[in-house]
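To keep things clear, I will list the structure first and then write my remarks on it.
Read-outs: derived from the displayed coordinates by stated rules, not from any lab. Only a predicted model underlies this, so the values are computations on that prediction, with no experimental measurement involved. Note: ideal-geometry Cβ built from the backbone for every residue, glycine included; neighbour counts use all protein chains shown.
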Amino acid sequence: MTTTEPRNPYRPGLGEVPPVLAGREPIIDRFYLDLEQVGEGGTARETALYGLRGMGKTALLGELVRAARQAEWLAVRVETESEVGSLVSTIAGGVARPRVLPVGWDRGSFLNRFGEFAAGAGINVVGLGGVDARIRVKTKEAETRPSEVLVDLYQELGRIAADQGRGVALLIDETQRARVEDLRGLFRAISEAKTEQLPVITAFAGLLETPDLLMSAATSAERVHFEEIGVLDPAATYRALRTPADRAGVVFDQDGLDMLIEFSEGYPYFIQQLGSDSWNVRSDPERIGPDDAERAIALSRRQFERGALGRRWVELPEWGRHVVAAISVLVDRPAQWVEMGKVAELVGKTSTELSMTRRRLRDRGAVDTERGQIRITQPGFHWYAAGLVERGELELRIVSV
Ligand SMILES: Nc1ncnc2c1ncn2[C@@H]1O[C@H](COP(=O)(O)OP(=O)(O)OP(=O)(O)O)[C@@H](O)[C@H]1O
Ligand SMILES: [Mg+2]
């Protein structure tokens, strides 16, 4: 091995920053506009990104953090925890971390002011501004009235930012874990900050249930900009796969690319794994060809079967696996629609008998239904299920006990 061998540029694995964040430009552009508007004393609607695991919600939030920091805003991405009252300490904890402050902010005065506020609000910040800053909600007051403290926290952060002539962006990930009570407090904090024209922007990311959860927490959530984060189109998938190799001086042959684009179904989680495996298996250091793509598909496929995809499959409701498998043998392309009646016939049940299963599959994002038609929406389920049927590991007919 030579020392000049460039490092694998692809980033498989959840939460990894992709080398090229493809296909999300409209959302990023709108966020830039929001920053501008709020920065000029206006308001903006909150954004909520929702979608299946591995679609790239966290990666996109990361990009929004970068956008805000570029504008010299204080920007933090936090992951929600499921205990009641934890939103306050999660957000405060995010703000208390080092390197959160953009250039141009006076670190000393920020830490002083935030520390003073935290102490008054009963939020105990251990090691504020240090690498191991930890937050404890200390007093009875903060424990019993977390939503009041959230309102105060928003106000204080907004004022600190306004005094700097900048703003604050709070990006809340894994929103589906949050408690309704906490979210209710958060929406109160958001609307009170808006009333005072404070420069604070909030964005959410979470699984498919996120919109319903937010709406059940506050009626003002109706005004949130809900954005479904789905698969990338072929042009974006092409860029996501090709550009990182290009930059490293490795040529991606069109035939190989076409195979990977098709197999990936535009699913960001698949794209990075396929890119990474193609890079690793290539025999010519300067090019990735169709043979490499073929080997990469075989390798990645095994990874997916043993990993998240296989797990998601076994978590499906019992009849659901038969339904998905029946769809997969009836269609030619992964996300193609098919008549519900044909699926029902193949599994040996009536459409009515399957209605409950259908709903549960839809709630999990495995399928989509529309006017008597059904299609698979979880990337990978098409080939996964078809493979099980082909190898005789799954019977299509549902045998009731
Ligand atoms: N727009 C994109 N273009 C290319 N690759 C992407 C894109 N978005 C995400 N990825 C890659 O896809 C994978 C999954 O991304 P990410 O972890 O952000 O998904 P997620 O939606 O947050 O998943 P989860 O719901 O499990 O948290 C990562 O490897 C990431 O680098
Ligand atoms: Mg994520």
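The angle separating the long axis of helix 107-121 from the principal Cα axis of greatest extent in the chain is about 90 degrees.
What percent do you get for the relative contact order of the chain when only Cα pairs under 8 Å and 6+ apart count? Over the chain, the number comes to 17 percent. Relative to one another, the C-alpha centroids of the range 2-49 and the range 142-192 are positioned 23 Å apart. Rg then Dmax, both in Å and based on the Cα atoms of the range 163-215: 12.3, 38. Give me the angle, in degrees from 0 to 90, between the Cα long axis of helix 290-306 and the longest principal axis of the Cα atoms of the chain, rounded to the nearest 10. So the helix axis and the longest Cα principal axis differ by about 70 degrees.
With runs of 4+ DSSP H residues as the only contributors, calculate the mean residue ellipticity of the chain at 222 nm using -39,500 (n - 2.57) per run, divided by the residue total and rounded to the nearest 500.
That comes out to -16000 deg cm²/dmol.
For the chain, the longest principal axis of the alpha carbon atoms and the long axis of helix 25-39 meet at an angle near 10°.
Rounded to two decimals, what is the ratio between the C-alpha radius of gyration of the range 239-380 and 2.2 N^0.38 Å?
On the way: Rg = 18.0 Å, N = 142, 2.2 N^0.38 = 14.5 Å.
Rounded to two decimals, the normalised Rg is 1.24.
When the alpha carbon gyration tensor of the range 234-306 is reduced to an equivalent ellipsoid, its three semi-axes come out at 17, 14, 10 angstrom, largest first. A Förster distance of 41 Å, applied to the separation of the beta-carbon atoms of Val103 and Leu330, puts the FRET efficiency at 0.10. The label point for Gln373 and the one for Glu40, both projected 7 Å from the Cα toward the Cβ, are 4.3 nm apart.
Residues whose amide H lies under 5 Å from that of Ile229, counting only those 5 or more places away or on a different chain, are Tyr50, Gly51; hydrogens are built 1.01 Å from N in the peptide plane. Here the chain is treated with +1 on each Lys and Arg Cβ and -1 on each Asp and Glu Cβ, and its dipole about the Cα centre works out to around 660 debye.
Which value does Rg/Rh take for the chain over its C-alpha atoms, Rh per Kirkwood?
On the way: Rg = 24.0 Å, Rh = 23.3 Å.
Here Rg/Rh amounts to 1.03.
Its Cα gyration tensor gives the range 316-390 an equivalent ellipsoid; the semi-axes, largest first and in whole Å, are 16, 13, 12. Scaling against 2.2 N^0.38 Å puts the C-alpha radius of gyration of the range 132-283 at 1.47.
Report the equivalent ellipsoid semi-axes for the range 1-103 in whole Å, largest first, defined as the square roots of five times the eigenvalues of the gyration tensor built from alpha carbon atoms. Present the calculation step by step, with values, prior to reporting the outcome.
Working: eigenvalues 146, 73, 54 Å².
Taking √(5λ) for each Cα gyration eigenvalue gives 27, 19, 16 Å.
Per-residue 3J(HN,Hα) values for the range 378-383, derived from phi via the Karplus relation 6.51 cos²θ - 1.76 cosθ + 1.60 with θ = phi - 60°, read 6, x, x, 5, 4, 6 Hz in sequence order (x marks Gly and Pro).
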